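Down below is the structure, laid out as structure tokens.
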Amino acid sequence: MNSKNRITLPKSGLGRDELFKTMQARRSKDAEWQTGKAFCLVYHPGEERSRMIKEAYNMFFTENALNPTAFPSLRQFEAEVVSMSAGLLRGDEKVAGSLTSGGTESILLAVKTARSWASKHKPGVAMPEVIIPETAHPAFHKAFYYFGVKGVMVPVREDFRVDVQKVKEAITENTVMIVGSAPSYPHGVIDPIRELSNLALENKLLMHVDSCVGGFLLPFIQKLGYPVVPFDFSLEGVTSISADIHKYGYAAKGASVILYRNAELRKHQFYVYTDWCGGIYGSPTISGTRPGGTIAAAWAALMSIGEEGYLEMAKRTMVATERIKQGIKDMKGVHVLGNPDMSLIAFGSEEHDIYAIGDELNMQGWYFDRQQNPASLHLTVSQIHLEVVDTFLEDLERAIKQSAKFRVGKLGNSFQVATVKGLSKMLPEGMIAKLQNAMSSTKQVTKKRTAAMYGMMGALSGTGDLQAIVLNFLDRLNSLEQA
Ligand SMILES: *Cc1c(COP(=O)(O)O)cnc(C)c1O
């Protein structure tokens, strides 16, 4: 019996129609990624490319990479994916790695490897320490928690890149690894990897670069001529890199690589248990059973998209990013945080409640992250967003104006607010437009009455005391009405 707190297994299985009808219905409230409305979580290479990658996934739907001797195909896919990734990140032929289920697993493994490396190379260290920027991904904290490693957090500078001097000061005899992001997720900036790499060399430490989100985009935008500072194996001190194929590699979810400078270091990642009655058990990564589908799809994505395809999508991504960044910079009341190196944009507001702007955007169907310290909204721009740049910027502009109205709402003087609303309702359509033109520097005329009022509010906001603004607004409204 199904109740509020329990769903039971159906006695006889659902038929195809009912099954998919139910699933389709449940999907209706999901983020609308197909039309480019999701600025996070999803990376879509377009229908045609996607179809090919899905086909590859389905082809190896049943296979299991737990035992690679049973499926040499999967072993070869994996080895080639690792090799292609290492090449993109300027590793030489000694670079070795593994395909993992995602950025988190790659990072867990990098930390676990550092711990095992330390137990051999720094045997005196009881509690190994890993230094991370405060902007580093929570997967590191998860790893510290799982593996009993001490995380040492270092603040970032005003430009949101880690303060190298503070990293230097944080190094103790227990330090085993330094971490930098290329780029960091929250603000999309690359930490000073060269300086961190030098610190690691000087202190004989491991150095991990979290390029989960950047690993499959930075090499291509660099080729396109965008400035990218060195962040990869070309820096001598970098000993491991994580890069997610299920992000800008546009593969199926469940695919990332963890790469090491050499196979010797990678050995610290592996797990072997030789005494089991079920036989000798060896496992390279965290998962036991590993889905053949994701491995095949990762290989198929890299092979079918190829350098030209990635360059094309990287170009689209960067053009969309530049236009959105510029659009935000041109807008009154919002600003881009720092100077993003890639395609991640965080923007905040001095004048408005940025979360209220977020609410308005959500109502228009946009999906993105909300961030804190400082409060901001976060966009992960990818190739699909080139199609929606203008719509997004229009919606953002409207959202800013509408959020200005919430400030008025905060006045607590509902009489005044009601008066503003009431007056705008009473004004004839043409008058609203005229008034808005007179007051707005952008000269944008909106058709809807409410939107026009928000527009006027937006145009007036940020010019001093809120109480005075509203009074001023009422004054102008009335005098024009008189005219
Ligand atoms: C996405 C991301 C991760 C974690 O990857 P998952 O695939 O979500 O586990 C780690 N670091 C950075 C910088 C990321 O962007």
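Enumerate the aspartates and glutamates that Lys332 could reach by cross-link, defined here as Cα to Cα under 20 Å, with residues fewer than 8 away along the same chain left out.
Glu322, Glu350, Glu351, Asp353, Asp359, Glu360, Asp390, Glu394, Asp395, Glu397, Asp465
If amide H atoms are built 1.01 Å from N in the plane of the peptide, which residues on other chains or at least 5 residues away come under 5 Å of the amide H of Ser376?
Gln371
Only sites in a loop by DSSP and with at most 16 other Cβ atoms within 10 Å count here; which GluC sites (Glu not before Pro) in the stretch 79-153 make the cut?
Those satisfying the criteria are Glu93, Glu134.
List the pairs from Lys253/Lys329; Lys94/Lys253; Lys247/Lys267 whose alpha-carbon separation is above 30 Å, in the order I gave them.
Checking Cα-Cα distances, Lys253/Lys329 exceed 30 Å.
Counting only other residues whose beta carbon sits under 10 Å from that of Gly91, what net charge do I get with K and R as +1, D and E as -1?
Taking every other residue near Gly91 into account, the sum is 0.
What number comes out for the charge environment of Lys223, summing +1 per Lys or Arg and -1 per Asp or Glu over other residues with Cβ under 14 Å away?
-2
Which of the chymotrypsin sites (Phe, Trp or Tyr not before Pro) found in the stretch 216-305 are loop residues per DSSP with 10 or fewer other Cβ atoms within 10 Å of their Cβ?
Here the chymotrypsin sites (Phe, Trp or Tyr not before Pro) that fit, given the DSSP loop and packing criteria, are Trp276.
Go through the stretch 21-32 residue by residue and turn each phi into a ³J(HN,Hα) via Karplus (6.51, -1.76, 1.60, θ = phi - 60°); whole Hz please, and just put x for glycine and proline.
In residue order, the calculated couplings are 5, 4, 5, 4, 4, 5, 6, 4, 9, 6, 4, 8 Hz.
Do any GluC sites (Glu not before Pro) in the stretch 147-225 lie in a loop, going by DSSP, with at most 12 other beta-carbon atoms within 10 Å of their beta carbon, and if so which?
Sites meeting the loop and neighbour criteria: Glu158, Glu173.
Which shape class applies to the stretch 67-161: rounded if a/c is under 1.5, otherwise prolate when a/b exceeds b/c and oblate if not, where a ≥ b ≥ c are the square roots of the Cα gyration tensor eigenvalues?
Taking the square roots of the gyration eigenvalues as a ≥ b ≥ c, the stretch 67-161 is prolate.
Between Asn64 and Val272, what is 0.36 nm times their sequence separation minus the Cα-Cα distance? Round to one decimal in nm.
Net length gain for the segment: 73.0 nm.
Set the Förster radius R0 to 41 Å, insert the Cβ-Cβ distance between Asp390 and Leu14 as r into 1/(1 + (r/R0)^6), and round the FRET efficiency to 0.05.
The formula returns an efficiency of 0.45 here.
Could you work out how far the C-alpha centroid of the stretch 1-75 sits from that of the stretch 281-341, in angstrom?
Between the Cα centres of the stretch 1-75 and the stretch 281-341 lies a distance of 21 Å.
By a straight-distance test (C-alpha under 15 Å), which aspartates and glutamates pair with Lys223 as possible cross-link partners, with residues fewer than eight away in the same chain excluded?
Filter leaves Asp232, Glu307, Glu308, Glu312, Asp341.
Give a residue-ordered list of calculated ³J(HN,Hα) values for the stretch 155-163 (Karplus: 6.51 cos²θ - 1.76 cosθ + 1.60, θ = phi - 60°; whole Hz; x for Gly, Pro).
x, 9, 7, 4, 8, 6, 9, 4, 7
Tell me which aspartates and glutamates have Cα within less than 13 Å of Lys204's Cα, excluding those fewer than 8 residues away on the same chain?
Glu173, Glu236
Read-outs throughout are calculated quantities, based only on the coordinates presented, and are distinct from any laboratory measurement. Keep in mind that this is a model prediction, so the values were computed, not measured. Positions of Cβ are generated from backbone atoms using ideal geometry, with glycine treated the same way; all protein chains shown enter the neighbour counts.
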